[in-house]
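K.L.:
For reference, the structure I am asking about is given below.
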Amino acid sequence: MSPFGIVYWSEFRNATKLSPCRTESGSLLIRQQAASKESTVMTAPMKLTLQHLSIRPTHALDSWVEKQIVSLQPRLRIDQALVRLVRHHESSPPYRVQIHLVTPGPDVVAEGHDHTLQAAFNKVMAQLRNKITSRLAKQIKRTKGPLAVPSALASKGRFSR
């Protein structure tokens, strides 16, 4: 374990069953097993880096954070997630959470402050979900293009010939 936190290598996508295993370096790998028990589906790994500053790292906290980050995976391909959990004893609100998701295309970054770690983390997750949803909506709007213009607008306006 590094002095700043832990590093997980996790694989989560199209899985029905997850089985953890350790690599030679001690990192945690999650293997995906398909519906048939003999086949194992391996996809590109997501690297999860957690930094704890003035917060004692516990397995329960780390697994809760990992579950929350993995819940974003079906909506967005995440190559790396950098999570920083900070407690400032002298400031109010004392808890600060920063998450940086490295994705194909522009990265997604969010930050939140609150009086409890869970509330700050929930604020950040809500920001991330909103950013991901707006990104997907923009992609859908871009793919439809001017062909999706209603016929009433097409006959009166700039789309008419």
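K.L.:
For segment 59-75: of the residues being in a helix (DSSP H, G or I) and among the charged types (D, E, K, R), which is surrounded by the most Cβ atoms within 10 Å (Cβ to Cβ)?
P.N.:
Residue satisfying both the conditions and the ranking: Glu66.
K.L.:
While we're on this one: Would a scan of segment 48-58 turn up a residue that is part of a loop (DSSP other than H, G, I, E, B), under 16 Å from Lys123 (Cα atoms) and in contact with a helix residue (DSSP H, G or I) (Cβ under 8 Å, 6 or more places away or on another chain)?
P.N.:
No, because not a single residue in segment 48-58 is part of a loop (DSSP other than H, G, I, E, B), under 16 Å from Lys123 (Cα atoms) and in contact with a helix residue (DSSP H, G or I) (Cβ under 8 Å, 6 or more places away or on another chain).
K.L.:
Same structure again: Would you check if Thr103 is modelled with pLDDT of 90 or more, among the polar types (S, T, N, Q) and surrounded by fewer than 15 Cβ atoms within 10 Å (Cβ to Cβ)?
P.N.:
no
Yes/no matrix, rows are residues, columns are (1) on the phi > 0 side of the Ramachandran plot; (2) under 16 Å from the mean Cα position of the chain (by Cα); (3) crowded, with 16+ Cβ neighbours inside 10 Å; (4) basic (Lys, Arg):
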| site | (1), (2), (3), (4) |
| --- | --- |
| Val109 | no, yes, no, no |
| Thr116 | no, no, no, no |
| Ala119 | no, no, no, no |
| Arg142 | no, no, no, yes |
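K.L.:
Select from segment 77-88 the residues that are out of contact with any Phe, Trp or Tyr (no Cβ under 6 Å at 6 or more places or on another chain) and assigned to a strand (DSSP E or B) and write down the one among them that is surrounded by the most Cβ atoms within 10 Å (Cβ to Cβ).
P.N.:
By that ranking, first place goes to Ala81.
K.L.:
Still on this structure, I have one more. Among the listed residues Ser91, Ser134, which satisfies the condition of being assigned to a helix (DSSP H, G or I), modelled with pLDDT under 95 and surrounded by fewer than 17 Cβ atoms within 10 Å (Cβ to Cβ)?
P.N.:
Ser134
The values are calculated or read from the model by the stated rules, or taken from the named source; none is laboratory data. Note that the coordinates shown come from a computational prediction; the quantities given were computed from them, not determined experimentally. When we count neighbours, we look across all protein chains shown, and the Cβ atoms used for this are built from the backbone with ideal geometry, even at glycine.
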